[in-house]
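Written out below as structure tokens is the structure these notes cover.
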Amino acid sequence: MATREECPEIRREIRKLCSKYGDAYWRNLDRDKQYPEVFVRELMETGWLAALIPEEYGGSGLSIREAGVILEEINRSGGNSAACHAQMYIMGSLLRHGSEEQKRRYLPRIASGEIRLQAFGVTEADAGSDTTRIRTFARREGDYYVVNGGKIFTSRVQHSDLMLLLARTTPYEQCEKKTLGMCLFLVDLHGAGDAIEVRPIDAMINHETNQLFIRDLKVPSENRIGEEGRGFYYLLDGLNAERILVASESIGDARWLIDHAVRYGKERVVFNRPIGQNQGIQFPIAQAYAHTEAADLMRFRAAALFDAGEPCGEEANMAKLLASQAAWAAANAAIDTYGGYGFAAEFDVERKFREARLFSIAPISNNMVLNYIAEHVLGLPRSY
């Protein structure tokens, strides 16, 4: 491909690392629904997952632009960085809103890989995208909060030492503003014991996601992030980084799928000619490539604004939207190119096809992104 590549040194190093974990590694994990423990451990030990942690706390102090390239290259190499991407962006709430004591206590250990902060307890079955309607409640009792409730689609909790948990501290009905009255807590998952019951969700992709049942969980008040009642705003503050990183992963998926479709289109001969000579094969791949390159530009535009400390909600949301759409277009083009072989596990296309579909609805539905653009960018009336 003639793509101009940013951060070539990082790409080279990530490709070198990923070359040790080929298609068979990921295919077998997908088949057995196992977590890529060995791969994630090496990413942590080599410091790549500490990209966004400042050097003063033991991290690499890289930009969001560089962090996105790391995740993109993992996916472009055939891996699935969703298994560990949260280690990059979840700690942002701690970094930006935690106390200095909290940052000194946790960030160096996260940076070194001693502990993992990969689980984010936000979504609830009855609330969905309306986060203000969550029911998990944290009641203050002296130096502790006692938490009761539940979460769903809480990923990587079985491979994390800490979880960032959003809970109400003031009932919804008693809040003058519905976005108030929530807190973010750092939860020690090993110390939680029977207070958190974890039930794995059998999903279409190997994503290690779970439903949580929380009963009388005691969280020290010193583990609350920032001010009481402002957790929702701390949550929003990290969404732009999440959008940019997820867009980067989708771009990596799209490029893997396009690369494979192009190669197969050249190699596969039917009716005495390579199938890639047919416009019915060429056009969808070319269209997906164009979409991917456009999404890539928006991703780097959003990253540049983020790294400069400028507002980037519009760009970050559009990057996530366009990149997830490009990956899905590439996935369909690859399936059409491979034909029946695209559904055979040994070719890995069906695995990437399933993975690419996720980011159309997670971590936020593209319809919600369109709502954001319509209301906050175009000034149209709020639709919900």
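The values are calculated or read from the model by the stated rules, or taken from the named source; none is laboratory data. Just so you know, these numbers come straight off a predicted model, no measurement behind them. In this analysis, Cβ positions are derived from the backbone assuming ideal geometry, glycine residues included, and neighbour counts consider all displayed protein chains.
When 72, 45 are checked against the criterion of being more than 27 Å from residue 232 (Cβ to Cβ), buried (at least 24 other Cβ atoms within 10 Å of the Cβ), in contact (Cβ under 8 Å) with a residue 24 or more places away in the chain and of a type outside the set (Ser, Thr, Tyr), a single residue qualifies: 72. Go through the range 322-368 and count every residue that is among the aliphatic types (A, V, I, L, M) and assigned to a loop (DSSP other than H, G, I, E, B). So the answer is 4.
Take the residues in the range 243-281 that are acidic (Asp, Glu) and buried (at least 21 other Cβ atoms within 10 Å of the Cβ); name whichever of them is farthest from residue 145 (Cα to Cα). Per the stated criteria, the residue is 253. Taken over the range 282-297, the criterion of being over 16 Å from residue 268 (Cβ atoms), in contact with a Ser or Thr (Cβ under 8 Å, 6 or more places away or on another chain) and buried (at least 19 other Cβ atoms within 10 Å of the Cβ) is satisfied by 295, 296.
The residue list 353, 347, 300 contains one member that is of a type in the set (Phe, Trp, Tyr), within 25 Å of residue 64 (Cβ to Cβ) and outside the structural domain of residue 205 (by TED's automatic domain parsing), which is 300.
Can you spot a residue in the range 301-321 that is in contact (Cβ under 8 Å) with a residue 12 or more places away in the chain and assigned to a loop (DSSP other than H, G, I, E, B)? Yes, some residue in the range 301-321 is in contact (Cβ under 8 Å) with a residue 12 or more places away in the chain and assigned to a loop (DSSP other than H, G, I, E, B). Listed by position, the strands (runs of 3 or more DSSP E) contained in the range 136-236 that have at least 3 residues being more than 18 Å from the chain's Cα centre (by Cα) and farther than 25 Å from residue 109 by Cβ are 137-141, 144-155, 196-201, 209-220.
Starting from the range 124-147, take each residue that is within 13 Å of residue 215 (Cα to Cα) and list its partners that are exposed (fewer than 13 other Cβ atoms within 10 Å of the Cβ), counting only C-beta distances under 6 angstrom and pairs at least six apart or across chains. So the pair list comes out as 146/216. Of all residues in the range 107-135, those satisfying the criterion of being surrounded by fewer than 22 Cβ atoms within 10 Å (Cβ to Cβ) and part of a helix (DSSP H, G or I) are 108, 109, 112, 131, 132, 133. The sole residue among 222, 227 that is touching a Cys at 6+ places or on another chain (Cβ under 9 Å), loosely packed, with under 13 Cβ neighbours inside 10 Å, more than 19 Å from residue 155 (Cα to Cα) and not basic (Lys, Arg) is 227. Of the residues 12, 41, 104, the single one that is basic (Lys, Arg) and within 19 Å of the chain's Cα centre (by Cα) is 41.
In the set 331, 374, only one residue is surrounded by 16 or more Cβ atoms within 10 Å (Cβ to Cβ) and closer than 21 Å to residue 294 by Cβ; that residue is 331. Note on the range 167-177: residues that are of a type outside the set (Ser, Thr, Tyr), modelled with pLDDT of 95 or more and surrounded by fewer than 19 Cβ atoms within 10 Å (Cβ to Cβ) total 5.
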